[in-house]
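The values are calculated or read from the model by the stated rules, or taken from the named source; none is laboratory data. All values derive from a computational prediction rather than experimental measurement. In this analysis, Cβ positions are derived from the backbone assuming ideal geometry, glycine residues included, and neighbour counts consider all displayed protein chains.
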Amino acid sequence: MDCIVVDDPHVAYARLTKLFSGGIRTKLSEDFSKDFQGSQDIQIAKTAFIGQNVKIGKGVIISPGCFIGDNVEIGQDTYLYSNVSVYPSTVIGECNVIHSNSVLGSDGLGFSRNGDTWEKIEHLGSLFISDNVEIGAACTIDRGSLGKTVLETGVKLDNQVHIAHNCYIGKNTMIGAKTAIAGSTIIGDDCLIGGGCGIVDNIKVENNVRINPMTYLTKSIKKSGIYSGGSVVLEHAKWLKHITIQKTV
């Protein structure tokens, strides 16, 4: 029987998929402007909006319906799928992939109670996304209220992930779909965070931590390892007994 022997089958499979992908991120399918600041290597769809003082690197592709605000920087060979919104003063590094309908650099939840109403706190910070980052469809990443929200090199986000203002996501961390991370939280390098997790604000997660899906994290994790939270599915009366027992342990 014929076979191919490799050190890591999953990595080999990932590389083989590139051979059969047909160059899906090499050229827009519609007409585009070939001349942005004199560069012939940038592709921008005619229906994309580009603000003032925008810097775009060689090989960048911006698909139809994208919004690029003022003072944005996009590094070379980055691909934006359709309808991505990049708010002003956002910096995106090199070789990134941003999927459709994601919003980068929006305001976070910042309001001050003023009598019987809320006074908006303007978010004056920015968002910095490093290199080789992939952001799934319909993700929302808030700018800093002051300072920066940061995604380091190699971060991977699944669809519908929310990262709030002033968060820091370390290198090569992967986050599953529909996870929400509240403001000013620090996630270390090489972490794996499952889908549907909720992580409260102002805590820190150590490097090399795995958080299993549907976990609600309410305090810092100071030691690398695998962590789980949440409850098994039970009839409500049984669940009340179960959680009472857990509180006494």
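Points to keep in mind about this one:
- Selection count, region 44-75, where residues are acidic (Asp, Glu) and closer than 15 Å to VAL103 by Cβ: 0
- Unique residue being of a type outside the set (Lys, Arg) and crowded, with 21+ Cβ neighbours inside 10 Å when the list is ILE199, ILE203, ILE121, ILE226: ILE199
- Cβ pairs under 7 Å, 6+ apart, first in region 139-167 and within 16 Å of ILE186 (Cβ to Cβ), second in a strand (DSSP E or B) and of a type in the set (D, E, K, R): THR149/ASP142; ILE163/ASP142; ALA164/ASP142; HIS165/ASP142
- Pairs are defined by a Cβ separation below 8 Å, a sequence spacing of at least 6 or placement on different chains, a first member in region 103-123 that is among the β-branched types (Val, Ile, Thr), and a second member that is assigned to a strand (DSSP E or B); the pairs so defined are VAL103/SER85; VAL103/THR140; VAL103/ILE141; ILE121/PHE111; ILE121/SER112.
Residue-by-condition table, conditions (1) in a strand (DSSP E or B); (2) under 21 Å from SER130 (Cα atoms); (3) modelled with pLDDT under 75:
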position	(1), (2), (3)
CYS3	no, no, no
VAL6	no, no, no
TYR13	no, no, no
SER21	no, no, yes
ARG25	no, yes, yes
THR47	no, no, no
PRO64	no, no, no
ASN71	no, yes, no
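- Only residues that are in contact with an Asp or Glu (Cβ under 8 Å, 6 or more places away or on another chain) and under 18 Å from THR153 (Cβ atoms) were counted across region 99-132, and they come to 4.
- Being surrounded by 14 or more Cβ atoms within 10 Å (Cβ to Cβ), at pLDDT 95 or above, under 22 Å from the mean Cα position of the chain (by Cα) and within 22 Å of HIS99 (Cα to Cα) is true of ILE175.
- Within region 119-150, the set of residues being at pLDDT 95 or above, farther than 15 Å from VAL84 by Cβ and not in a loop (DSSP other than H, G, I, E, B) comprises SER126, PHE128, ASP142, LYS148, THR149, VAL150.
- Filter result for GLY170 (over 18 Å from SER102 (Cβ atoms), crowded, with 20+ Cβ neighbours inside 10 Å, in contact (Cβ under 8 Å) with a residue 12 or more places away in the chain and not aromatic (Phe, Trp, Tyr)): yes
- Failed item in (1) more than 16 Å from HIS99 (Cα to Cα); (2) surrounded by fewer than 22 Cβ atoms within 10 Å (Cβ to Cβ), with LEU127 passing the rest: (2)
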